[in-house]
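The values are calculated or read from the model by the stated rules, or taken from the named source; none is laboratory data. For clarity, every value in this text was computed on a predicted model and none was experimentally measured. Cβ placement follows ideal geometry from the backbone for every residue including glycine, while neighbour counts extend to all protein chains displayed. For accessibility, only protein heavy atoms count, side chains too; no ligands or nucleic acids. Shrake-Rupley method; radii C 1.70, N 1.55, O 1.52, S 1.80 Å.
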Amino acid sequence: MEAEAETEQVDHLFSLPVDADQKATEFRLFLIAPPHMLAFHLAWFSLFSNFFSTFSIPPLLAVIQDDLNLTDTDTGRAGAPAFLGSIFSRIAMGPICDLVGPRIAIATLSLITAPVILSTSLISSPHSFIAIRFLTGFSLANFVANQFWMSCMFSSCVVGLANGFSAGWANMGSGVTQLVMPLIYTLIMSFNVPSSTAWRLAFIVPAVFQAVTALLVLAFGQDVPSGSYRSLKKVNIGKESLCNVFCHGAKNYRAWILALTYGFCFGVEMTTDNIIAEYFYDRFDVNIQVAGIIAGSFGMANFFSRPSGGLVSDRMGRRFGMRGRLWGLWVTQTVAGLLCLLLGRVNSLWGSILVMCAFSVFVQAASGLTFGVVPFVSKRSLGVVSGITGSGGTVGAVITQLLLFSGSKFSKQTGISLMGIMMIVCTLPVSLIYFPQWGGMFCGPSYGSDDHLNGPENDETNHYRLLQ
């Protein structure tokens, strides 16, 4: 009775109903009330600016390539460093979030990398081009802090949906930049500015945008519902060292399987963002604006596709427990792999556009489904697990970019098909994930259903008990 009275009293402090940890048990997309929904909107909007900045180069790549006399090999080699820069930064971001909280982590990284985006206007050689692409990729580590922040704010019954919308709407930045950057470039050209100057001036926009969103996070953000991340940290892990928290997360095999899976859904998505405009520009002879619109539609699908993955994960979790979450992930990503394979085999413009749109929906939904599982791996090392999984996405992007799209070993259409085959194969290890409390794809839980500490996932009294 006392616990119920305390919960009711806490509910009055927030605009959304909350659980015992003050995490919201409802997700109201168009509400901006603090702290839960305001944190959501700040999280996706700031990460949106990071994606917008990081992928602001590809839509103008044809112009930059001509101005700097870059070869196809130069641009291909620069694609991998764009992702390579965020691998270690994503791994580091997890423990940093565990240490200082997501708000400070997001704002600091965005403010540090904004000048790098601005420096894109200064590149003059293939080496400086590759260096800038490497450094801009660091800002994508904010994805880890984004997902960590949502897991701090929302209970397990809606965390998949919150993660899906937050990352999905943020990922739209990679699509919006495909549409907007050519328009900015064209607008500047309309004032009789030379092409070699116009594309350089265009990069002022993403740099300023990223810095502004970082300041908004600092000014209005709140790490946890109680407001103080440091006090929450003391309650949860006491004086436990950061090294112990990191080791605990790094030794969890589920984190590494999810990193592999994420590498071949989100990683493939990032590689596609990097090459799809150039692919349509070269293969079907469309102009740079049309290529940007087509490529933009791929990223823009994140508006609904990744959130749909989070929603499916939560629905499957409520109905079938962890088994439903895992099966949903495997089926969705396998279908995405088949569509990717088909995309490289279609020879018509409109056929390729249709297959690309279907592929975008499934590959982005698979990312949402992956992070529908992540919060259940380890509450104690949530930031570390998020970092490992998130870095897996960039590792997958680097691997596919280097193996399939750097140099002239494969044509782009062949590379796309081979990427689909890699997706299908690398999704199979999902079947090895097993939770003693909830089971896996083929096995039920090893604990009895009457064990009050390890009840099934859809037991309301144990709805957010994570693997310790």
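Observations, loosely collected:
- Of the criteria (1) open to solvent by less than 10 Å² (accessible area, probe 1.4 Å); (2) in contact (Cβ under 8 Å) with a residue 60 or more places away in the chain, which one residue 311 fails: (1)
- Each residue in the range 342-382 was checked for being in a loop (DSSP other than H, G, I, E, B) and touching a residue at least 12 places away in the same chain (Cβ under 8 Å), and 10 pass.
- Qualifying residue in the range 51-61 (condition: free of Cβ contacts under 8 Å to residues at least 60 places away in the same chain and either under 26 Å from the mean Cα position of the chain (by Cα) or open to solvent by 30 Å² or more (accessible area, probe 1.4 Å) (or both)): no
- Taken over the range 88-111, the residue count meeting the criterion of being open to solvent by 40 Å² or more (accessible area, probe 1.4 Å), at pLDDT 95 or above and among the β-branched types (Val, Ile, Thr) is 1.
- Segments classed as helices (runs of 4 or more DSSP H), wholly inside the range 1-87, with at least 2 members that are on the phi < 0 side of the Ramachandran plot and at pLDDT 75 or above: 36-54, 61-68
- Screening the range 239-272 for residues that are of a type in the set (D, E, K, R) and surrounded by fewer than 24 Cβ atoms within 10 Å (Cβ to Cβ) and picking the one that is modelled with the lowest pLDDT gives 239.
- From 456, 445, residue being out of contact with any His (no Cβ under 6 Å at 6 or more places or on another chain) and modelled with pLDDT of 85 or more: 445
- Subset of the range 252-285 that is touching a residue at least 12 places away in the same chain (Cβ under 8 Å) and not in a helix (DSSP H, G or I) - its residue that is nearest to residue 378 (Cα to Cα): 252
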